[in-house]
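> I have a structure here, written as structure tokens, and I will follow up with some questions on it.
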Amino acid sequence: MDKVLEKKYRIKSFEVDFQNRLKISRLLNLLQEAAALHSYQLNASYNELKKQNDFWVLSRIYMEVNELPEWNDKITIRTWPKGIDKIFGLRDFEITNANSKKLIQVTSNWIIVNFKNYRPVRIQRAIDDFTYIEGKHAINKRLEKIEIPDKTKTSECKTARYSDIDINQHVNNSKYFEWLFDIIPLNLLKEHRIRSLEGNFLSEVKYNDSVVIRENKIDNSLYYQFHKNNKEVFRCHLSLQSNK
């Protein structure tokens, strides 16, 4: 049983954006898949948890981006659980290129939720032997709730459709970022690169739910809030760096 999962991957043409850089939403898919594969190896997979009506949910994520890979780039994704903090299972990721250059570092918090009542379940109760590597960090940072400026304005409304829904029958975490990047002006993305990204997943969105997206830009920081029926379901902070 490997405490660190290592998976090699080649970036596909349909995974990059208009600047030939890996899309953030696709990056989230790759991280999610690596976490799922590793959970399977550690006997904490979707199928194992389903036996007791539980499932994993991404709650918080923070990443630092040195460079986004391009089409045909060969990358290595490494991931490992690094501990438990109250109800959160902590998992880090590191992405390097073929020359072992660090491209992206990620830290994340996950919770186990019960299918029947949608309440969090303590990890020690759901998993008999939760394996982790204490003290090994891609990013040594405790994730908290993101502070959002008071003045955000409504930017767009989205309705969850078939293509947004995952195996847990709610909008997949990567889709939140897909919706988000759809409303960022293209010129802003041309002139800047993403330096860091932080997201809080606060409540689920299901099929046919309508979501109001609110935003605010302060200098090189972009802030987003998603609301469903006036209840906040997601918040995000993007830090940009000028290409000049």
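Bear in mind that the values in this text are calculations on the coordinates, not laboratory data. Values in this document were obtained by computation on a predicted structure and should not be read as measured data. So basically every Cβ, Gly included, is an ideal-geometry build from the backbone, and we count neighbours across all protein chains shown.
> Compute for segment 16-71: radius of gyration divided by Kirkwood radius, i.e. Rg/Rh, restricted to C-alpha atoms, rounded to two decimals. It would help to have the intermediate numbers written out before the result.
Working: Rg = 14.6 Å, Rh = 13.2 Å.
Using Cα coordinates only, the ratio equals 1.11.
> If you average 1/r over all unlike Cα pairs in segment 1-144 and invert the result, what Kirkwood radius do you get in angstrom? Each step should come with its number before you reach the end.
Values: mean 1/r = 0.0632 Å⁻¹.
Hydrodynamic radius (Kirkwood, Cα pairs) of segment 1-144 is 15.8 Å.
> What number comes out for the charge environment of Glu144, summing +1 per Lys or Arg and -1 per Asp or Glu over other residues with Cβ under 13 Å away?
Values: positive: Arg60, Lys86, Lys141, Arg142, Lys145, Arg235; negative: Asp85, Glu147, Glu198.
Once positives and negatives cancel, what remains is +3.
> Hey, another quick one. What is the projected area of the convex hull of the Cα atoms of segment 146-244, averaged over all directions, in nm²?
Working: hull surface 25.5 nm².
If I average the Cα hull's projected area over directions, I get 6.4 nm².
> Right, another one. Using only the Cα atoms, work out Rg/Rh for the chain, with Rh taken as the Kirkwood radius, to two decimals.
The Rg/Rh ratio comes out at 0.95.
> Rounded to the nearest 500, what is the 222 nm mean residue ellipticity of the chain from helices alone, with -39500 (n - 2.57) per DSSP H run of 4+ residues and division by all residues?
On the way: 5 runs with 43 residues, N = 244.
Calculated from helices alone, the mean residue ellipticity at 222 nm is -5000 deg cm²/dmol.
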